[in-house]
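Asker: Okay, here's the structure, questions in a sec.
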Amino acid sequence: MNDKVKPAHLSRSAYIYVRQSTASQVINNTESQRLQYNLQERAQQLGWPSSLINVIDQDLGRTASDVTFRLGFEQILRNYSPPQLISSQEFPIRKHARLAQST
């Protein structure tokens, strides 16, 4: 457990957003994919039960320039709350979430 992770955090779902922008990255950058999927293990190390860890990877190979067809991103926006997200994409998601809320 981590001192910053409190029981209130662990009672919520954790979302891990796995994404690479192009099909080429999906094929050629398998290390990046592996590291992103390993965030599930990191969430468990921090104390999240596996039943509350959600891996969202539907957007592999989809560009960020068009949010319309990113089903995984839409799922994040529906469920997103800052303490719940453990992701290499955390900061872009916060930016997009703010943009989505302001429209």
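The values are calculated or read from the model by the stated rules, or taken from the named source; none is laboratory data. Everything quoted here is computed from the prediction, not taken from an experiment. Counting neighbours? That spans all protein chains shown, and the Cβs are built from the backbone with ideal geometry, glycine included.
Asker: What is the number of the single condition among (1) aromatic (Phe, Trp, Tyr); (2) surrounded by fewer than 16 Cβ atoms within 10 Å (Cβ to Cβ); (3) at pLDDT below 85 that TYR37 does not meet?
Answerer: That leaves (3) as the condition not met.
Here is a yes/no grid of residues against (1) part of a loop (DSSP other than H, G, I, E, B); (2) modelled with pLDDT under 70; (3) touching a Leu at 6+ places or on another chain (Cβ under 8 Å); (4) among the β-branched types (Val, Ile, Thr):
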site: ASN54; (1), (2), (3), (4): no, no, no, no
site: LEU60; (1), (2), (3), (4): yes, no, no, no
site: THR68; (1), (2), (3), (4): no, yes, no, yes
site: GLY72; (1), (2), (3), (4): no, no, no, no
site: LEU77; (1), (2), (3), (4): no, no, no, no
site: PRO83; (1), (2), (3), (4): no, yes, no, no
site: PRO92; (1), (2), (3), (4): no, yes, no, no
site: LYS95; (1), (2), (3), (4): no, yes, no, no
site: LEU99; (1), (2), (3), (4): no, yes, no, no
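Asker: Another question about this same structure. Just to check your reading of the model, which residue among SER24, SER50, SER13, SER65 is closer than 19 Å to ASN79 by Cα and loosely packed, with under 11 Cβ neighbours inside 10 Å?
Answerer: After applying the criteria, what remains is SER50.
Asker: Within the set of pairs 6+ apart or on separate chains, which have a first residue in segment 1-12 that is among the polar types (S, T, N, Q), a second that is modelled with pLDDT of 90 or more and surrounded by 10 or more Cβ atoms within 10 Å (Cβ to Cβ), and C-beta atoms under 6 Å apart?
Answerer: ASN2/LEU46
Asker: Look at VAL5 and say whether it is surrounded by 14 or more Cβ atoms within 10 Å (Cβ to Cβ) and touching a Phe, Trp or Tyr at 6+ places or on another chain (Cβ under 9 Å).
Answerer: Yes; evaluated as a whole, the condition is true for this residue.
Asker: Another question about this same structure. For the subset of segment 27-46 comprising residues that are assigned to a loop (DSSP other than H, G, I, E, B) and within 17 Å of the chain's Cα centre (by Cα), which member is farthest from GLU74 (Cα to Cα)?
Answerer: Within segment 27-46, the match that is farthest from GLU74 (Cα to Cα) is LEU46.
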